[in-house]
1. Which stretch or stretches of the stretch 281-296 have amide N atoms under 17 Å from the point lying 7 Å from MET1's Cα along the Cα→Cβ direction?
2. Using r as the Cβ-Cβ distance of ALA314 and GLU41, and R0 as 51 Å, what FRET efficiency do you calculate, to the nearest 0.05?
3. Please give the length that would be gained between SER118 and GLN207 if that part of the chain were fully extended, namely 0.36 nm times their separation in residues minus their C-alpha to C-alpha distance (nm, one decimal).
4. Skip the ligands, DNA and RNA, and give the accessible area per residue of the stretch 151-217 with a 1.4 Å probe, whole Å².
5. Place +1 on the Cβ of every Lys and Arg and -1 on the Cβ of every Asp and Glu in the stretch 122-253, take the dipole about the Cα centre, and give the residue among ALA173, VAL159, GLY251 whose Cα lies farthest towards its positive end.
6. So if I average 1/r over every pair of distinct C-alpha atoms in the stretch 2-96 and take the inverse, what Kirkwood radius in Å does that give?
7. Quick one: check the C-alpha center-to-center distance for the stretch 290-308 versus the stretch 323-399, whole angstrom.
8. Mean residue ellipticity at 222 nm from the helices of the chain, using -39,500 (n - 2.57) per DSSP H segment of n ≥ 4 over the full residue count, to the nearest 500 deg cm²/dmol?
Amino acid sequence: MRLYLLALNPTDSVTEGFLPAAARLGLEVIVLTNSVDAHREAYKDFPHPPEIRNCSVRDFRAVIGEISRHHKPDAIFTNSDHLQAQAALAAQYFGLPGKDWQAAYRAKNKAEARRWLSAAGVDTVWAAELAPGQDASTLTDIPFPCVVKPREGVASEDVALVDDLAGLTQFAAGVWERRPDDTLLVEEFLTGELHTLETLGDGATRQVVGAFRTAISEPPAFIELSLEFVGAHPPAITDQVLAQLDALGVGFGACHTEFVVQADGRARLIEVNYRSIGDRLDLALVDILGIPYFEHVLRIHLGEPLPADLGARADRASYSLYICADRAGTLTAAPEPFDRVVDGIALSYQTFREVGATHPLYNTNRDYLGVIQGIGPDRAALRRIAEEFVAESVWTIEP
């Protein structure tokens, strides 16, 4: 069977997760990408690397045309935030299982998601769009402090809390210097503890596969500092999140949803990422739950139903602690990656930035130097061992 995989830049999720899973399923994989050289480099050590074809993957018409000229597809899939609607439209064109393209669009376009949720009566958040170059003073009744972010952005990239109109104007101008064509979303600041919900759906049923508790940096930036696997949220919280996903039409394949729980018990969505969780946590789900997570996702796109019972184990937790750069400069010293067992804890350290690399300070997840991750039965031990590793290790950044 033939799987077309749409991608921009190579990611750990694809390189270490989805492509090995596709090989185990015996799938022929064709990667469509506008970054051919980067993907060839990423897969150069694969015993059987996928075919890589150049394609303007942001354009669904180019995707459909490239597939039509090549071979008949059995599945079309992407794990990219930016390509969900394109993959959904292509799958629909070829009569294949896939996400509803309208739901994929709503999830990606944060302003549309806010409008849709409000119209459905499940949650209303003050939000307004700021077009490129638009004077922020043209917006009325802004509830300062408020959050500003690209309407179709990802992670913590160019996201900030601003206190007043001057701060909003200054921040927007800075974003437009880097992203002159981006519309920004200005929205109400939702307070509360940050959580995630990880789901899988086959179009008929949907299952919660896990949840994380997230610690973030102090505003104005919103950088994820650590994530702890908590297994499940209280049913009242989960039900609220699922109701909001239902309102958006989100339910096929993998979905990573971020939300806050407020003091009154309300669960309010921050954003819906219609793909698997990133930053190596989808890879961790395999070990935490003991399930073939990536195979399940691909089987869904091949038209197979999810098992009624995924067989996930419930005796393991995980704790991931991210090491962030605190200044611009060149990384001159850092620990080597490793995988080891410490006091019954499966401990690993993975790097995000190589020694010798020079970067500015982004104030986003792009400041990550590496992640120390532990998986095991003892939550307290997971946190202790990760924090001990950080305290005993050295990362040096020189101007």
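1. Those under the cut-off are 292-296.
2. Efficiency for this residue pair is about 0.85.
3. Difference between extended and current length: 29.5 nm.
4. Here the residues of the stretch 151-217 average 42 Å² of exposed surface.
5. The listed residue farthest towards the positive side: GLY251.
6. One decimal place: 13.1 Å for the Kirkwood radius.
7. What the calculation gives is 32 Å, centre to centre.
8. -8500 deg cm²/dmol
The values are calculated or read from the model by the stated rules, or taken from the named source; none is laboratory data. It should be emphasised that the depicted structure is a prediction, and the values quoted were computed from it without experimental measurement. Glycine gets a Cβ as well: all are built from the backbone with ideal geometry, and neighbour counts include every protein chain shown. Heads up: the accessible areas ignore ligands, DNA and RNA and are worked out on the full protein's heavy atoms, side chains in. Shrake-Rupley method; radii C 1.70, N 1.55, O 1.52, S 1.80 Å.
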